[in-house]
Amino acid sequence: MQGRMSTKPRIEPYMVFADAKGNIYDHPELLMLCSRAGELSTPRPDELIPLPEGSEFFLLPGRAALGLDPETGRVEELDEADGLAVAVFASPAHTLSATAAYRTRPGAPVLPLFAYGALGFFEGRFYICAKRVDQDRRQEFGHIPCERIENGARKLLADLPGNRLARHLTSCALTYGCPAARNLALGRFEAPLPTSRVCNARCVGCISLQPEDSGFPSTQNRITFKPSQKEIADIMLRHQSKEKRPIFSYGQGCEGEPLTEAPLIAAATARFRKAGGRGTVNVNTNASLTDAMPRIAEAGVDSIRVSLNSARKQTYEAYYRPNGYGFEDVKKSILAAKAAGLFVSLNLLFLPGFTDGENEWEALNALVADTRLDFIQMRNLNLDPELALGVVAGIDPGPCMGLTNFMKRLGKQNPWLRFGYFNPYIEAAGER
Ligand code: SF4
């Protein structure tokens with residue numbers, strides 16, 4: 001008997017738009033469109049998922065919503081006055097496979113540092129183009145009353161009087177709502193350990209420092225002091241007393257490049273390990289300083305997460321604008337980290353329609369195969385999509401294969417490689 005015909009109705013979402021007051025509507029006729037590096041299309045059936053809990057809607061100023069007329073097959077643009085484009089900032093653990101479809105009007109402001117996913121509506125539900133890439137729930141706070149976070153922050157300060165880093169992180173938790181700092185206040189999952197005030201890169205989408213003329217603000221300020229090894233180790237020891245499988249991460253959104261403070265990281269981690277410290281110690285880094293790898297590994301660091309938008313020198317350097325290092329140093333650092341026994345993840349800044357281009361895939365596949373790095377965290381590039389495409393203008397990504405194929409093919413070529421969204425807990429952490 002032929003394959004059983006699917007009885008499930010084909011999901012064909014209608015476009016979503018908003019009026020100037022911010023009221024959101026689904027269009028009665030026009031269908032949802034999405035964008036992959038500027039190429040418009042209707043969503044692929046395999047990429048539509050119901051809107052994940054904890055996602056946020058964004059109205060896009062100066063941008064008119066676009067939809068598809070199923071009768072004519074033509075792309076229709078709504079009148080800007082009452083046809084504003086709407087995008088979705090997907091909740092953590094979800095990678096966008098396409099961005100919102102809109103027409104930007106002259107004089108429209110640059111969009112702030114978020115990712116702008118495509119959104120549609122079908123039979124009573126919102127749908128987005130994305131994939132859940134991690135089942136870990138560490139950045140879900142919807143079920144936790146704010147008081148618990150406030151009480152946890154107060155308790156942290158009371159337990160570590162005079163600890164400047166604890167004070168800094170409680171303000172991150174309560175002012176910026178930083179998920180890592182909130183988890184520290186709650187005594188669960190991954191604790192943040194910012195250390196550095198400077199960086200040797202100038203990422204276009206840097207979240208801790210933006211030049212005056214960038215047209216959009218950084219999402220948080222950089223730490224203004226250098227914590228001591230005791231302040232860091234005390235926070236680590238306290239966190240491990242509350243979390244059975246603690247993860248500690250240097251390299252946070254509120255700092256520069258942590259490897260510029262490699263001696264402090266090594267000293268604080270060694271102090272923590274000497275005091276019986278257990279759990280995964282990780283460094284989120286731009287991997288620019290190769291010589292730091294054996295030193296931090298020796299001190300008790302278990303893993304590094306390398307921030308990367310591409311494994312092609314031109315694409316990488318167009319975004320990171322490195323100062324005193326280049327893409328080849330990043331590759332050398334990954335090899336040095338592996339040689340020192342570190343678990344290596346990539347923090348891949350995924351731009352739908354570009355990162356999943358054939359040429360980009362080829363280069364990334366070669367980097368994974370050459371270095372045998374262990375894990376790819378499939379993150380969304382938090383940058384105005386048109387600005388992001390401007391940064392890589394003139395660089396041909398190759399034909400777009402889509403997020404699912406991108407991951408499937410990488411996994412097939414590199415069978416040891418794992419995918420996710422968050423820094424994994426390393427079972428054998430600290431046992432080297
Ligand atoms: S590596 Fe980090 S701190 Fe440095 S410029 Fe890039 S985002 Fe900013």
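The values are calculated or read from the model by the stated rules, or taken from the named source; none is laboratory data. As the structure is a computational prediction, the values presented were derived from the model and not from experiment. All Cβ positions, glycine included, derive from the backbone under ideal geometry; neighbour counts span all protein chains shown. For accessibility, only protein heavy atoms count, side chains too; no ligands or nucleic acids. Shrake-Rupley method; radii C 1.70, N 1.55, O 1.52, S 1.80 Å.
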Quick one: compute the contact order of the chain, relative version, from alpha carbon pairs under 8 angstrom and 6+ residues apart, as a percent. 14 percent
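For the chain, what does the accessible surface come to per residue with a 1.4 Å probe? Please give it in Å². Let's see the in-between values first.
Numbers: 18890 Å² over 432 residues.
In whole numbers, the chain has 44 Å² accessible per residue.
Just to be sure I understand: if I project the alpha-carbon convex hull of segment 122-209 onto a plane and average over all orientations, what area do I get in nm²?
Working: hull surface 35.5 nm².
Seen from a random direction, the Cα hull of segment 122-209 projects 8.9 nm² on average.
Going by average Cβ density within 10 Å per residue, which order do the peptides 117-130, 135-148 take, highest to lowest?
Working: 117-130: 21.6, 135-148: 12.5.
The densest-packed peptide leads the list: 117-130, 135-148.
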Rounded to whole Å, give me the distance from the Cα center of segment 326-350 to that of segment 50-123. 35 Å
Take the chain, connect every pair of alpha-carbon atoms lying under 10 Å apart with a spring to form a Gaussian network, then pick out the residue of Arg154, Arg271, Arg245 with the largest mean-square fluctuation. Arg154
Over the Cα atoms of segment 146-420, what radius of gyration and what Dmax do you get, in Å? 18.7, 56
Taking the square root of 5 times each eigenvalue of the Cα gyration tensor, what semi-axes in Å does the equivalent ellipsoid of segment 316-361 have, largest first? 22, 16, 9
Can you flag which of Lys242/Lys408; Lys155/Lys226; Lys131/Lys338 are past 26 Å Cα-Cα? Lys242/Lys408; Lys131/Lys338
Anchor Lys313: lysines whose Cα lies under 20 Å away (excluding residues fewer than 8 positions away in-chain): Lys331, Lys332
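Quick one: of the DSSP bridges fully inside the chain, what percent are antiparallel, nearest 5?
Taking every DSSP beta bridge with both residues in the chain, the antiparallel ones total about 60 percent.
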Say we join alpha carbon atoms closer than 10 Å with springs in a Gaussian network model of the chain; which of Thr170, Thr285, Thr104 then has the biggest fluctuation? Thr104
Hey, with R₀ at 25 Å, roughly what FRET efficiency would Arg418 and Arg132 work out to, going by the Cβ-Cβ distance, to 0.05? 0.95
Quick one: grab the alpha carbon gyration tensor of segment 14-132, order the square roots of its eigenvalues as a ≥ b ≥ c, and give me rounded if a/c is under 1.5, else prolate or oblate depending on whether a/b is larger than b/c. rounded
Partner aspartates and glutamates for Lys230 [C-alpha distance under 18 Å; skip if fewer than 8 residues away on the same chain]: Asp159, Glu261
Sorted by mean Cβ packing within 10 Å, highest first, what order do the peptides 366-378, 207-219 take? 366-378, 207-219
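Where the accessible area of the chain is counted over protein heavy atoms with a 1.4 Å probe, how much of it, in %, is carbon and sulfur?
Working: 9730 of 18890 Å².
Within the chain, the accessible surface is 51 percent carbon and sulfur.
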Work out, in µm²/s and without decimals, the Stokes-Einstein translational diffusion coefficient of segment 146-282 at 25 °C, 0.890 mPa s, Rh from Kirkwood over C-alpha pairs. 162 µm²/s
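Tell me the relative contact order for segment 1-146 as a rounded percent, counting alpha carbon contacts under 8 Å between residues six or more apart. Provide the component values of the computation, followed by the final result.
Numbers: 318 pairs, mean separation 39.8, N = 146.
It comes to 27 percent, rounded to a whole number.
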